[in-house]
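So the structure is just underneath, and the comments pick up after that.
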Amino acid sequence: AFLSGVLCGFPIGVKVSSDLYCRGTVSKDEFERLICFSNNTGPAFIISGIGVSMLGNLKTGVVLYFSMLISAILVGVLIGIGKKKSNLDIYPENPDFDFVSSIKNASLNTLNICAFITFFSVISGICAFLIKNTAVYLFLLPFIEIGNASKALSENTLFSPVLTLMLISFAVSFSGISVHAQAKAFIPKEVRMVKYFLCKLLQGTFSAIITFF
């Protein structure tokens, strides 16, 4: 689940974690901790999209990616302190593969993700119209949607380059409410999102500090 999240991007980490939980491979407590550090931005978007396309620097994209990766590992280690492994079977019997259902679920999940991105892009546009203070708007964007936040921050001349990169790094690791809403669509109703949200805030903070250094 963790490798899927850091290599393929969101919401794959949460989707795989949810599948493991529903199959009985991980306990509820393990699932709640797993989603806290497995739902991450993929290297293609960070390195190519943000680093090369938006910032014009491959090295910067690599720095942002590894800042996110290290911060995710730190969060995973911290929330695992004092916890014990569950007694659940790691390899339960796999259900029969259903090709039609697989394609159907993939299509619905793709539409679901696109809908959230579109909705929160509109929210970002409304915020741009309502908030006249550019600095406040740029600080708010990373909490809403990562794509618009990264683009706006990369084009801004108000902040120093270091502060700009720290804010982009926070946006990449926190991922924005848009991504968290996508994640919620895959998380069973009995699982609360409070721990997940707080851990993503912590990961974003760690990532920004690592990027600074």
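Below are the figures for this structure:
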| quantity | calculated |
| --- | --- |
| Subset of the stretch 185-200 that is open to solvent by 50 Å² or more (accessible area, probe 1.4 Å) and at pLDDT 90 or above - its residue that is farthest from Cys22 (Cα to Cα) | Leu198 |
| Of residues in the stretch 145-162 being open to solvent by 60 Å² or more (accessible area, probe 1.4 Å) and part of a helix (DSSP H, G or I), the one nearest to Gly49 (Cα to Cα) | Lys151 |
| Any hit, the stretch 95-115, residues being assigned to a helix (DSSP H, G or I), open to solvent by 70 Å² or more (accessible area, probe 1.4 Å) and in contact (Cβ under 8 Å) with a residue 24 or more places away in the chain | no |
| Residue check, Ala135 touching a residue at least 12 places away in the same chain (Cβ under 8 Å), more than 17 Å from Phe174 (Cβ to Cβ) and surrounded by 10 or more Cβ atoms within 10 Å (Cβ to Cβ) | yes |
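The values are calculated or read from the model by the stated rules, or taken from the named source; none is laboratory data. These numbers come from a predicted model, not from an experiment. Neighbour counts run over all protein chains shown; Cβ positions are idealised from the backbone, glycine included. When the accessible area is computed, the model is the full protein with side chains, heavy atoms only, and any ligands, DNA or RNA have been set aside. Shrake-Rupley method; radii C 1.70, N 1.55, O 1.52, S 1.80 Å.
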